[in-house]
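Visitor: This is the structure I have questions about; it appears just below.
The values are calculated or read from the model by the stated rules, or taken from the named source; none is laboratory data. What you are looking at is a predicted structure, and each value in this text was computed from that prediction instead of being measured. Note that each Cβ is placed from the backbone with ideal geometry, even for glycine, and that neighbours are counted across all protein chains shown.
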Ligand code: SF4
């Protein structure tokens, strides 16, 4: 029987698997069912009792059956139904081990609730009473019996009521008290329970439940006129000069970045959308143009973001944290880079004073406009100091004079702008992965194609992800002022060779691992951006105080 329907109140039925999640952790239920966060990889539900792959051809056993009962408000797919002595029995297969109870093997609470729910569905669909359900644990070869008695029925009724209550709530439940559950939870990288616990107890050293590296690589298409097409499950890039094709399996990618005028076919775009691979278009100077990416999270999350960022006090609090994070990073970088060279430090003092003075004023009275002014005066000091970090061997043509953006008028600004364009795409991906709406920020005002929240979050990463890399590469004489740039009277941008070098440096930096100074574990810069986007979302979901705490050492 398979009826997809709603109950008398118009609620869609609860999935039995959602009750399994509820019995495991109320927050897990909420993240999956209300916020619709599902981890789309092989680890789905891994770490919990894993769903059995069914042979299901044992005698008398009927393989997977989908059942729905509108009155009960439940729907689910039972692993198997067996007829024993004239009665029907729901069977659940689990790859893991059973629970060791005082009186012998027991079903885990989540498995127990699941099999009770299937028993109720079988009863309502067949009209026959089900007296027992069974859970088969394959790892220790044990079958546990679950009596379907009055206590079991009451347990199911209470779970359904709790699930409905949670589904109607806008409050995300707190993290599980039992920390061991989190270690095996597939949603730990989204939930970030250890970071939440650390915020409550700063002396705590969180376990790293967040993945250290990114899942896929970025494919950059820089050749003008290149065509990005599809062949089966691969992306195929062909260049107009008939050169060798580049082929990449879609599963190995997390993004495609098209620089300049590459052509993406509809078939390739469909493949990217199906696999959640973002496509970003950048201008020849690296300026961000637009993205085709999976939309921001479901309504609940967006509503919370709108509500929070419509509140001036929340925006001001977040803007202060962001400005502090950004200016402290600038200040620390200048201090660090001038350490051990007293002449340089002395020359830099006026720049450092500007940064310190901006830092000292952040918490004083003032609105976001005041903060933007402080950020501006800090930037004057920072870029002046940054120019001093270029060593004596750097040619005049690569030196910094003044900041120019659209268009960049010298090589240094061309490099700076190109890297920031790449950073913008990386931050956009992280924001979408966290289910945030990029158009609604708290510090930057909306303008052109740039999404304010992306610009906000970028502020934390300009120094560590691009400025430091850029200064290092210039001081190592990695740039050819002639071959790596295209120069006209009006503007300067990177040539093909310059773009390839910049992309190589940027991607290598994203993959570089560092020890996060607050959470204390190591992860790549790419994952650090995603972590920060997820921590930002917690600012308005009942766990504030975690955002913008990362600092350069
Ligand atoms: S990580 Fe822990 S608190 Fe978060 S949903 Fe999973 S079990 Fe619950």
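Visitor: From 208, 204, grab the single residue that is surrounded by 11 or more Cβ atoms within 10 Å (Cβ to Cβ), touching a residue at least 60 places away in the same chain (Cβ under 8 Å), over 15 Å from residue 545 (Cα atoms) and more than 11 Å from the ligand (Cβ to nearest atom).
Guide: It is 208.
Visitor: Another question, if that's okay. Looking at residue 429, is it surrounded by 20 or more Cβ atoms within 10 Å (Cβ to Cβ), more than 24 Å from the chain's Cα centre (by Cα) and outside any loop (DSSP other than H, G, I, E, B)?
Guide: no
Visitor: Among the residues of the stretch 112-123, are any within 16 Å of the ligand (Cβ to nearest atom) and surrounded by 18 or more Cβ atoms within 10 Å (Cβ to Cβ)?
Guide: yes
Visitor: Kindly evaluate residue 117 against the criterion of being modelled with pLDDT of 80 or more and touching a helix residue (DSSP H, G or I) at 6+ places or on another chain (Cβ under 6 Å).
Guide: When the stated conditions are applied, residue 117 passes them.
Visitor: Examine the stretch 443-452 for a residue that is touching a residue at least 24 places away in the same chain (Cβ under 8 Å) and surrounded by 24 or more Cβ atoms within 10 Å (Cβ to Cβ), and state whether such a residue exists.
Guide: no
Results for (1) surrounded by fewer than 21 Cβ atoms within 10 Å (Cβ to Cβ); (2) touching a residue at least 24 places away in the same chain (Cβ under 8 Å); (3) within 30 Å of residue 225 (Cα to Cα), shown as yes or no for each residue.
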site	(1), (2), (3)
280	no, yes, yes
315	yes, yes, no
320	yes, yes, no
329	no, yes, no
334	no, yes, no
352	yes, yes, no
362	yes, yes, no
379	yes, yes, no
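Visitor: Residue check: is residue 470 at pLDDT 90 or above, within 19 Å of the chain's Cα centre (by Cα) and outside any loop (DSSP other than H, G, I, E, B)?
Guide: no
So that you can scan it fast, the table gives a plain yes or no per residue for (1) in contact with a strand residue (DSSP E or B) (Cβ under 9 Å, 6 or more places away or on another chain); (2) under 30 Å from residue 373 (Cα atoms):
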position	(1), (2)
441	no, yes
460	no, yes
464	yes, yes
514	yes, no
519	no, no
526	yes, yes
532	no, yes
537	no, yes
547	no, yes
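Visitor: Another one. Do the conditions hold for residue 175, that is, is it within 16 Å of the ligand (Cβ to nearest atom) and out of contact with any helix residue (DSSP H, G or I) (no Cβ under 7 Å at 6 or more places or on another chain)?
Guide: No.
Visitor: Follow-up question, since we're still on this one. For the stretch 94-142, give me each residue that is more than 24 Å from residue 178 (Cα to Cα), free of Cβ contacts under 8 Å to residues at least 40 places away in the same chain and out of contact with any strand residue (DSSP E or B) (no Cβ under 7 Å at 6 or more places or on another chain).
Guide: Within the stretch 94-142, 123, 127, 141 qualify.
Visitor: Considering the stretch 367-389 alone, what residues qualify as being out of contact with any helix residue (DSSP H, G or I) (no Cβ under 6 Å at 6 or more places or on another chain) and outside any helix (DSSP H, G or I)?
Guide: Hit for the stretch 367-389 is 367, nothing else.
Visitor: Check whether at least one residue in the stretch 187-196 is within 23 Å of residue 304 (Cα to Cα), surrounded by fewer than 15 Cβ atoms within 10 Å (Cβ to Cβ) and more than 8 Å from the ligand (Cβ to nearest atom), and report yes or no.
Guide: No, the stretch 187-196 has no match at all.
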